[in-house]
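Inspection log for the structure reproduced underneath, given as C-alpha cells.
The values are calculated or read from the model by the stated rules, or taken from the named source; none is laboratory data. As the structure is a prediction and not an experimental result, all values here were calculated from the model. Every residue, glycine as well, gets a Cβ built from its backbone with ideal geometry; the counts of neighbours run over all protein chains shown. Please note that ligands, DNA and RNA were not included when accessible areas were found on the heavy atoms of the full protein model with its side chains. Shrake-Rupley method; radii C 1.70, N 1.55, O 1.52, S 1.80 Å.
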Amino acid sequence: MVNHSHGGNIEAAVREFALSGSEIIDFSANINPLGYPPQLPEIIKSNIGRIIHYPDPKALALREKLGERFSLDPRTILVGNGSTELIYLMPRALKPKSAGLIVPTYSDYERALRQVETAIAFIGTKEEDDFTLNTLEFAPGTEMVFLGNPNNPTGTLLEKDFLLEVIHCNPGTIFVVDEAFIDFLPRPEEYSLIKEAVELANLVVLRSMTKFFALPGLRLGYLVSSSKIVESLEKYQEPWTINTLAQAAGEHIIFEDEYIRRSRDFISTEKDFFYQALAQIGPFYPFKPSVNFILVRMAEGRWWNKKSKIQGADQLRKVLIKEGFLIRDCSSFRGLDRRFFRLAVRTRQENRGIVSALRRIAHRSKYSSYNGPKHRTVC
C-alpha cells in the first residue's frame, strides 16, 4: 500500500525538528506564492455575521457564480470542501468495480478507490517519456479512470485533443480529469475540458480553488459534469461541507481578473527561472515544469558531507529543514522512489535561497554522475 502523505504539513515539521513555523519556508505545498486575493479579508469580514446560521447545503449562489464565470448551467456544477472531498465522493457515489490509475500521480485517487474496494489497475509511465500517458485504450471493464492534467507530482500536461480521443475511445469508462493546477497555466482554456464535460456522458472535470487562490485553510473546490452525473453525486454528498465564509469567498474571487492575470504572469516567469537555476546544480535533475511545481531527481548513489550522509530525498529533506526549507519527499508516490522530490515555485528570493542551499550541499558532497537524458520537454 502506498503511503498517503501530503505536502504542506508545517505543524508536523515544527514538531519533528523543534522549529517555529516562521522559520520554515514551505516548498512542499503547491500554493500560489502571491497569497490570497487582496480583497479576501474584507469579504470574510463582511460575511462574518452570517456564521450564526447554517450555510446553504447546496451552495447554490456559488454554483450560479461559477456558471456565470464559465458560461455553464449551475446544474452541471457541484461544489466541495476542496477538490479532495469530491475525489472521495465519486467512488462512493458511482461505485466503480474496477478503475485505472496512471502513475505516478496524486495518492488520494488510490485511497478513495480502495475505500469502496474498487479493483485498481496501475498504468505505469516512464521517466524517459517524461511520465506521459501514451496509450489510448484501457483494459475492458475499466469503469473509472483518474487522470491529473497537469499531473501531480510530475507536472505532465496532456494535449486537449489527445485527452478527448482517449475519452471517446473508452465510452464505458468515466474519466475524472483533475485540473487542480490548470489555473496556473498562461492560457488554461487551451487545455481544459470544462466545456466538454457537460456534453460528454463519461467525463468529470475537477477544479481546485485552494491552490491558485491560496485558500488551503479555507478549502474550496468544484467539479463540472453532465447534470445526470452531478445529480447522482449530490445524493451522496454530506450536508454543509462548504462553510459560509468559503462560499462567500468563492463567489467573489473567481472574478478577480487582475489577481488572476498577475498570478499567471508571476508563475510563468518564476518557474522558468527556478527550473534553469536547478538545472545548473550537478547532482539534481529537474523535470521541465508546466505549472507551479518542479519534480527533481537526485543523482544515483550515496552522498557524503561533514555533517550528514544523504542517500535519498528523505534525508535531503532533513538536511534542508535545518536550513529553513521544507521540501516534498516523493518516495510516497507509487511509481517514484527516494531519489525524487518536489519543489513548489515560490518568490524569486525564496527560490534563490533554496537553490543556494542545494548548491552548498552539492559542493561539499561526493556523488556518482547521472547519465540520464540531457533534456526534457513537456507535452
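Data table
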item: Selected from Phe131, Leu233, Val145, residue furthest toward positive end of dipole (the chain; charges at beta carbon); result: Phe131
item: Heavy-atom SASA rank of Lys195, Lys228 (probe 1.4 Å, accessible area, largest first); result: Lys228, Lys195
item: Size of charge dipole - segment 251-345 - debye, nearest 20, with Cβ of Lys, Arg +1 and Asp, Glu -1, no other charges; result: 800 debye
item: Most positive-pole-ward Cα, Leu60, Asn47, Phe274, against dipole of the chain from beta carbon charges; result: Phe274
item: Phi to ³J(HN,Hα) by Karplus 6.51 cos²θ - 1.76 cosθ + 1.60 over segment 85-99, Hz, x for Gly, Pro; result: 4, 6, 4, 6, 5, 5, x, 5, 7, 8, 6, x, 7, 9, 8
item: Listed residue (Val205, Asn170, Leu215) projecting farthest to the positive dipole end of segment 161-215, Cβ model; result: Leu215
item: Nonlocal amide H pairs with Phe293, under 5 Å, H built at 1.01 Å; result: Val345
item: Computed helical MRE - 222 nm, the chain, DSSP H runs ≥ 4 contributing -39500 (n - 2.57), nearest 500; result: -10000 deg cm²/dmol
item: P(r), alpha carbons of segment 177-252 - 5 Å bins starting at zero, rounded %; result: 3, 14, 21, 23, 21, 13, 4, 0
item: Trypsin sites (Lys or Arg not before Pro) within segment 88-143, DSSP loop, no more than 11 other Cβ atoms inside 10 Å; result: Lys126
item: Heavy-atom SASA rank of Cys330, Cys169 (probe 1.4 Å, accessible area, largest first); result: Cys169, Cys330
item: Euclidean distance of C-alpha centroids, segment 166-184 and segment 110-129, integer Å; result: 15 Å
item: 5 Å binning of all Cα-Cα separations within segment 246-289, expressed as whole percents from 0 upward; result: 5, 19, 17, 13, 12, 11, 10, 8, 5, 1
item: Cα convex hull of segment 93-235, projected area averaged across orientations, nm²; result: 8.7 nm²
item: Amide H contacts under 5 Å for Arg339, placed H, 5+ residues apart; result: Ala313
item: Within the chain: Cβ-based charge dipole about Cα centre, in debye rounded to nearest 20 (Lys, Arg +1; Asp, Glu -1); result: 1760 debye
item: Solvent exposure, largest accessible area first (probe 1.4 Å, DNA, RNA and ligands not counted), of Tyr236, Tyr259, Tyr54; result: Tyr54, Tyr236, Tyr259
item: Separation between Cα centres of segment 199-237 and segment 24-98, rounded to whole Å; result: 8 Å
item: Stokes-Einstein translational diffusion, the chain - Kirkwood Rh over all Cα pairs, 1.002 mPa s, 20 °C, in µm²/s; result: 99 µm²/s
item: Cα-centre dipole for segment 113-162 with unit charges at Cβ (Lys and Arg positive, Asp and Glu negative), debye to 20; result: 200 debye
item: For Arg328, distant residues with modelled amide H under 5 Å away; result: Arg342
